[in-house]
Amino acid sequence: MYKKRFLSWLMLVIFFVVISPIQGNAQKDKQSHVKELVNLALGKSYRVNTVYPPDEFYTKVHEVNYPDSGGELTDGQYGSLSFTDKAYVGYLHQAFRDITVDLESSVTVEEIAISVLQNVPVGIHFPREVEFYLSIDGEKWEFLGREKSGILPTEKGPIKQKISKKGIHKIARYVKIIVPVEGWLFADEVEVWGTNSQVGDKLIPNIKNILPFGDKRLKGYPKPQSVGGIKNAVLIYTGDWEYDKPGENWISFTKEDFKPYVAYLNKDLKPVDIMFDTFLFLPYGKLLDGATFSPTGGKPSNKTHFEYFLNRLFREDRELGALNEAVKEIKEELNNEKYKNYKAKVIIAIPYPRTDQTNFGDVDGSGVSLNLNVSQIGEEQALINRQKVVKWFIDEVYNRWEKAEYTELELVGFYWYAEFIGYYLSSLEAELIKWTSEYIHSKGGIFQWIPYYFARGWYKWKELGFDGVLMQPNYMWAETGKDRLDTILRAAYDYGMGIEMEMSDAVLTNEKMREKYYLYIDKAFEYKYARKAYTAFYQQVKTLLKAAMSSDPAAREVYDRTYNFLKGKQY
């Protein structure tokens, strides 16, 4: 028995004597391996692409102010917390930046990182997420995954961070980082840590055409059936205008104002056919008391302002009441069996519940005025209170709609008024929008959104709970190239979106502006967007009304070509 124990003890000693040096050497090798990691990107060449055709306007802005000569991102120079530091390269809008580094030979990559700055007050934001890829030949890529920002978008800064993909251990020559650019992106360095050896795992490159942060199942322009049967909507604003003369009410619609929108009127102003099938009602952003319905700027709007919007909407002789009567009269004038069951669809905008509002008002009869201010009551409570505001507003719309008993209108859903997702205003902004979507759906409605040109959150629309989204090209007002429309139509297709058609009153008198509007139409046909997808038309309050009534053939043509587009004709 003792002998067996002694032998067992002896074997154990031998085991530790033999194994311990091996473990020690392995640890030394590991430490040596770690020490050997170098920044393989240092001094290497790289390319920065916009994924879609570069925009003339935005490219000029960032190239003049924060240029990239082709070496700043791999020169080993890191910027301070000042955005004026010359170590930074600034990129502005245009969806994404595809940064591809050539490591010049196949090496083992362990970690990839991009160093970025956030300074919210001057419009510089961290990307919320970054995609990482590797390749042997620069043609086919292996997707390594996405990494999220480690710092909340509400952190005003200035502050820096590195967004990294670690634990890669793969052999590659080319490194690709794709970053969303939904405003200003400031980066000072790209790092690729690894060894000049080929000890890593073999790459499995199986992607040739990358769709950044995309879902290929969403590809294609949105069909009317996905958005409550909407084919063509027109935006209708209501509100007080600071330049109105006494007795005027320019940003408002009467029954007669609506008729050229409900029906296509011939040159004798007789109805021939139905024009728009849907009317999207929105509040004019600025209020006479200095408040605004926008997420920022001016004074934050409150319950009184929200009710002001509702009161204007539900008047008998204006807005909804006027539209109901216009549809009724147009159907009588058309006197055609095929229009017998026609009802105008209605979408109503939800004003933005501001995150800096401390005294919104009492929405549930509790006698307590809701505080929505994130900085005062915290994110969680602010979310709860903002949900109460949204719920109250939606319920109020349905209650007033039921009492109005419109015979010619159909309320199909709601629209998110803010034209970007305010992640930097509240870290729970996405949760508010998702909750809003769920509540609207529980009522049987649909939820729409029209972000401006590559606005914050644009490619996340489905995840946020929207049923249909149209992007604003903003080409009408920008001094930029015609390919702005190509870019938006391509991006819209890739991410399952439509586009907003845009016009100002200048199209009625200015040939250059008129041609810009017609380019929207021509491009829509070129990309096979026309006829199939749903869309919406932005106008400068009553541009199409003016066009319909104009005795100027060029101005009247704007109205005629718009009607033809709605009916699937280019001219």
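The values are calculated or read from the model by the stated rules, or taken from the named source; none is laboratory data. This structure is a prediction, so every number in the text was calculated from the model and none was measured. Here Cβ is always computed from backbone atoms with ideal geometry, including for glycine, and neighbour counts include all displayed protein chains. All accessible areas refer to the heavy atoms of the entire protein, side chains included, with ligands and DNA or RNA removed. Shrake-Rupley method; radii C 1.70, N 1.55, O 1.52, S 1.80 Å.
For the condition open to solvent by 20 Å² or more (accessible area, probe 1.4 Å) and at pLDDT 95 or above, what is the one hit in Glu479, Glu429, Glu438? So that I can check it myself, show each step before the final result.
On the way: Glu479 fails: at pLDDT 95 or above; Glu429 fails: open to solvent by 20 Å² or more (accessible area, probe 1.4 Å).
None of the others qualify; the one that does is Glu438.
Residues of the stretch 504-546 being basic (Lys, Arg) and more than 23 Å from the chain's Cα centre (by Cα), which ones?
Our first condition is that a residue be basic (Lys, Arg); within the stretch 504-546, this holds for 512, 514, 516, 523, 528, 531-532, 542, 546.
Listed by number, the residues that qualify are Lys512, Arg514, Lys516, Arg531, Lys542, Lys546.
Pairs needed: first member in the stretch 364-380, under 16 Å from Lys299 (Cβ atoms); second member anywhere, of a type in the set (Gly, Ala, Ser) and part of a helix (DSSP H, G or I); C-beta distance under 9 Å; at least 6 residues apart or different chains.
Asn371/Ala382; Leu372/Ala382; Asn373/Ala382
For the stretch 504-542, how many residues are of a type in the set (Val, Ile, Thr) and either open to solvent by 10 Å² or more (accessible area, probe 1.4 Å) or in a loop (DSSP other than H, G, I, E, B) (or both)?
To start, the set of residues in the stretch 504-542 that are of a type in the set (Val, Ile, Thr) comprises 507, 509, 521, 535, 541.
Those still in the list that are either open to solvent by 10 Å² or more (accessible area, probe 1.4 Å) or in a loop (DSSP other than H, G, I, E, B) (or both) too: 509, 541.
Number of matching residues: 2.
Only one of Glu319, Glu256 is of a type in the set (Asp, Glu), at pLDDT 95 or above and touching a strand residue (DSSP E or B) at 6+ places or on another chain (Cβ under 7 Å); which?
Details: Glu256 fails: touching a strand residue (DSSP E or B) at 6+ places or on another chain (Cβ under 7 Å).
Among Glu319, Glu256, only Glu319 is of a type in the set (Asp, Glu), at pLDDT 95 or above and touching a strand residue (DSSP E or B) at 6+ places or on another chain (Cβ under 7 Å).
Specify which of the listed residues (Leu288, Leu323) is open to solvent by less than 10 Å² (accessible area, probe 1.4 Å), more than 24 Å from Glu557 (Cβ to Cβ) and assigned by the TED database to the domain that holds Met549. Step through it out loud before you land on a result.
On the way: Leu288 fails: open to solvent by less than 10 Å² (accessible area, probe 1.4 Å).
Checking each option against the conditions leaves just Leu323.
From the list Met476, Met501, which one is touching a Phe, Trp or Tyr at 6+ places or on another chain (Cβ under 8 Å) and in a strand (DSSP E or B)?
None of the others qualify; the one that does is Met501.
So Pro295 fits all but one of (1) of a type outside the set (Lys, Arg); (2) within 24 Å of Phe565 (Cα to Cα); (3) in a loop (DSSP other than H, G, I, E, B); what number is the exception?
Condition (2) is where Pro295 drops out.
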